[in-house]
1. With the requirement that a residue be without any contact (Cβ under 8 Å) to a residue 24 or more places away in the chain and either more than 23 Å from residue 61 (Cβ to Cβ) or touching a helix residue (DSSP H, G or I) at 6+ places or on another chain (Cβ under 9 Å) (or both), what does the range 6-27 give you?
2. Helices (runs of 4 or more DSSP H) wholly in the chain with at least 2 residues that are modelled with pLDDT under 75 - which ones?
């Protein structure tokens, strides 16, 4: 069941970074990712208009969080696959 949740988490992280990490049970990383993205989205809403040229660092942070969430999901999927393989009965 762990690898299935990790797979679902990867797909969810593609669309909502941090939420998929929470689904996988990585609470600390997930809360940080969701919190940082909430601040980034709030800044994007505030900086519409004459200050919009300042948005590139905010977009870069958003991209970094997305890559972090996706990479963490893939690593969790691989880790749980290895753990499942070790727990299988051998005949």
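1. If the condition is that a residue be without any contact (Cβ under 8 Å) to a residue 24 or more places away in the chain and either more than 23 Å from residue 61 (Cβ to Cβ) or touching a helix residue (DSSP H, G or I) at 6+ places or on another chain (Cβ under 9 Å) (or both), then 8, 11, 12, 16, 19, 22, 23, 25, 27 are the ones that fit.
2. 55-87
The values are calculated or read from the model by the stated rules, or taken from the named source; none is laboratory data. For clarity, every value in this text was computed on a predicted model and none was experimentally measured. Because the Cβ atoms are built from the backbone with ideal geometry, glycine has one as well, and the counts that use them run over all protein chains shown.
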